[in-house]
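Encoded as structure tokens, the structure appears first; notes follow it.
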Amino acid sequence: MAIPSPYVLRETGSNLVRNIVMTVAAVVTMAVSLTALGGVLIMRQAVNQATVQYQHGVEMIIFMEATASSQEISGMHQELASMVPGQIQRCYYVDKAHAWTEFKQIFSGEPDMVKVMDLQKMPPSFRCVPAKAQNVSVLANQFQKQPGVLDVKYPGQAIREELARFATLRNVALVVAGGVMLGAIALVVNTIQLAIFARRREVAVMKLVGATNWFIRVPFMLEGLTEGLVGAIIAFAVTFFARNTLASFTGSNPFVPSLPLYVSPHAALLTGIFVVVVGALVGALGSGFAVRRFLSV
Amino acid sequence: MIRFDHVSKTYKGSVPALQDVTVDIQRGEFVFIVGPSGSGKTTFLRLITKEEPSDGGEIWVAGKEVGALPPWKVPYLRRNIGCVFQDYRLLPERTVYENVAFALEVIGRSRHFVKSQVPQILELVGLGKKMDRRPNELSGGEQQRVAVARAFVNRPLILLADEPTGNLDPATTAGIMRLLERINQYGTTVVMATHQHDVVDAMRKRVIELDHGTVVRDQARGIYGMVDA
């Protein structure tokens, strides 16, 4: 059945205004919860971006000269293969093209650095997971002197600290987001319950004259959806415009400490959209629950 | 138009409200349901609109078996039935016009339809000049006229009235009864529950008397208390 939108919008609007204090409470709590959720996602993106080379347990990177010959590279391949599994658990090769993609990602907040580099200047590398983490410095020294090797990096400590800091922050923020979200849902349910109570006479008349269940329910559902959406839009604005501040809570770039962590507008936009969808869903679910529980049709 | 076929209804933990009731009401009839308080009059009406399910038997309304209707079809059944109550059930913050228009808006009628029908029906009930008043600015009789207008604006096949004159003085009651009779003359089946003797006696319509949930009398051109000689 087609529901005439002017009627539904008018009813939804009057419900929202009639209970303005509860509406504001629901919207603010929703915004706080979703901001915490958005913040976690923003921080995760920043940390992932900064530590992209050191994921999946990689502790040591052997950077080859950008001009290293193919024999030098295949020699290194064979040598590393011969050390598996005694000293090295596994290694994989990253070519120039892949390295250039990563470089652009790590320094996406520093366009000047990206400008002065190019694909040909990128060193190919071997990413290695040592069999025993404590042996990493011995291994690094051993490879440092090989022909064609530019440098061997094992900034394990810095990365581990960065990831640990992030993990703590993430857990705290997720607990906050979850707790406040429960509060937000309860407030949405309560707001809808009050709206249903305030309109009980209208609802009785609507049932009497043959309004369909959906016609009766939709204004209340839209009220919850609106509360979720408005809260989510506030959270979206905060996470989008304060994304670099949020990212800096986890620390600085572990490779170039003078550089702050950076999140691209594109990534923040995707996070924001996700947050808005979550807000709308939570609002709709909360009001859906309230309508089912308190509005017998 | 309305057929009860061996219908029974018992509320939880209570005595039976209706027991084995069989009644047939034809299209265009005007029927009084009479009996003392607790005799089952209101239950009889609530079963017609499926506000309550029956426990046994079949109820047919406007060609549909009410018990077999899925919940989503019940609103469409109710669009064929107008209801009027003793306590009017008007929306206090809406004007007379808005109260009547509300009944059409919420079943999705177009704005154009609402604008054409509502003034017409308010003229019919004699409130054409009080469309902008709120219910608390009207007398009891006028409020009940608004309720009748709201029940009739969708031109239902059936009008159910549960003690519609219970709160009104005799003169106002007579006015409301004339209005219901006029609606009946338009072809709408009217079923009115009442325990007011004078109202029933004055109209000389079919009377169905209930006592402890059973039909004890079903009489054409009846009066309230005794068999018409």
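The values are calculated or read from the model by the stated rules, or taken from the named source; none is laboratory data. Quick caveat, the model's predicted, so the values are computed rather than measured. Here the Cβ positions follow ideal geometry from the backbone for every residue, glycine too, while neighbour counts run over all protein chains shown. Calculation scope for accessible area: heavy atoms of the full protein, side chains included, ligands and nucleic acids excluded. Shrake-Rupley method; radii C 1.70, N 1.55, O 1.52, S 1.80 Å.
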Subject >> Residue-by-residue Karplus 3J(HN,Hα) for region B:85-97, coefficients 6.51, -1.76, 1.60, Hz, glycine and proline x >> reply: 10, 4, 9, 6, 6, 8, 8, x, 8, 10, 6, 4, 4
Original post:
Among the aspartates and glutamates, which fall within straight-line cross-link reach of A:Lys121, defined as a Cα-Cα distance under 15 Å, with same-chain neighbours fewer than 8 residues apart omitted?
Top reply: A:Glu65, A:Asp95, A:Glu102, A:Asp151
**OP:** Calculate, for B:Asp5 and A:Leu174, the FRET efficiency according to 1/(1 + (r/R0)^6) with r their C-beta to C-beta distance and R0 56 Å; round to the nearest 0.05.
**Re:** 0.35
Original post:
Relative to the compact globular guide of 2.2 N^0.38 Å, what is the alpha carbon radius of gyration of the protein assembly as shown, as a ratio?
Top reply: 1.60
Original post:
Which ³J(HN,Hα) values in Hz, rounded to whole numbers, follow from the phi angles of region A:195-206 under the Karplus curve 6.51 cos²θ - 1.76 cosθ + 1.60, where θ = phi - 60° and Gly and Pro get x?
Top reply: 5, 5, 5, 4, 10, 4, 5, 4, 4, 4, 5, 4
Original post:
Which value, in debye to the nearest 20, describes the size of the charge dipole of the protein assembly as shown about its Cα centre when Lys and Arg Cβ atoms bear +1, Asp and Glu Cβ atoms bear -1, and nothing else is charged?
Top reply: 540
**OP:** Could you list which residues have their amide H under 5 Å from that of B:Thr214, counting only those 5 or more apart in sequence or on another chain, with H placed in the peptide plane?
**Re:** B:Gln19
**OP:** Return the long-range amide H neighbours of B:Arg206 (sequence gap of 5 or more, or a different chain), with a cut-off of under 5 Å between placed amide H atoms.
**Re:** B:Phe30, B:Phe32, B:Arg221, B:Gly222
**OP:** Just subtract the alpha-carbon distance of A:Val28 and A:His266 from 0.36 nm times their residue separation and send over the number in nm, one decimal.
**Re:** 83.1 nm
Original post:
Using a simple spin-label model with points 7 Å from Cα along the Cα→Cβ vector, what separation in nm is obtained for A:Phe197 and A:Arg90?
Top reply: 5.9
**OP:** Could you sort out which of A:Lys104/A:Lys153; B:Lys50/B:Lys115; B:Lys50/B:Lys130; B:Lys9/B:Lys41; B:Lys130/B:Lys205 sit more than 22 Å apart by Cα distance in this structure?
**Re:** B:Lys50/B:Lys115; B:Lys50/B:Lys130; B:Lys130/B:Lys205
**OP:** Send over a whole-number figure in Å² for the accessible area per residue of chain A, probe 1.4 Å.
**Re:** 48
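Using 0.36 nm per residue, how much length does the chain from A:Val21 to A:Glu110 gain when fully extended, once their Cα-Cα distance is taken away?
27.5 nm
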Original post:
Once phi is turned into ³J(HN,Hα) by the Karplus curve 6.51 cos²θ - 1.76 cosθ + 1.60 with θ = phi - 60°, what whole-Hz value does each residue of region B:131-142 show in order, with x for glycine and proline?
Top reply: 5, 9, 6, 9, x, 6, 9, 10, 6, x, x, 5
Subject >> Under 16 Å from the A:Arg10 label point (7 Å along Cα→beta-carbon), backbone N, region B:118-144 >> reply: B:118-119, B:132-133
Original post:
Leaving out ligands, DNA and RNA but keeping every protein chain, what accessible area does B:Met1 have, in Å² rounded to the nearest 10, with a 1.4 Å probe?
Top reply: 40
**OP:** With a point put 7 Å past each Cα toward its Cβ, work out how far B:Ser110 is from A:Ser248 in nm, to one decimal.
**Re:** 6.1
Original post:
Points 7 angstrom from Cα along the Cβ direction at B:Asp20 and B:Asp169: gap in nanometres?
Top reply: 4.7
Original post:
Sorted by accessible area (1.4 Å probe), largest first, how do B:Lys64, A:Lys207, B:Lys12, A:Lys115 line up?
Top reply: B:Lys12, A:Lys115, B:Lys64, A:Lys207
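Tell me the total accessible area that A and B bury against each other, 1.4 angstrom probe, in square angstrom rounded to 100.
Between A and B, the summed buried area is about 1700 Å².
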Subject >> region A:60-153 - Rg (one decimal) and Dmax (whole number), Cα, Å >> reply: 14.0, 43
**OP:** Multiply the residue gap between A:Val138 and A:Ser82 by 0.36 nm, knock off their C-alpha separation, and tell me the result in nm, one decimal place.
**Re:** 18.5 nm
Subject >> Mean-position separation - Cα centroids, region B:133-191 and region B:74-109, in angstrom >> reply: 13
Subject >> Computed helical MRE - 222 nm, chain A, DSSP H runs ≥ 4 contributing -39500 (n - 2.57), nearest 500 >> reply: -23000 deg cm²/dmol
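R0 = 25 Å: FRET efficiency of B:Arg221 with B:Ser37, Cβ-based, nearest 0.05? Walk me through the numbers on the way to the answer.
Values: r = 25 Å, r/R0 = 1.01.
Efficiency for this residue pair is about 0.50.
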Original post:
Which pairs break 27 Å Cα to Cα here: A:Lys207/B:Lys12; A:Lys207/B:Lys129; A:Lys96/A:Lys145?
Top reply: A:Lys207/B:Lys129
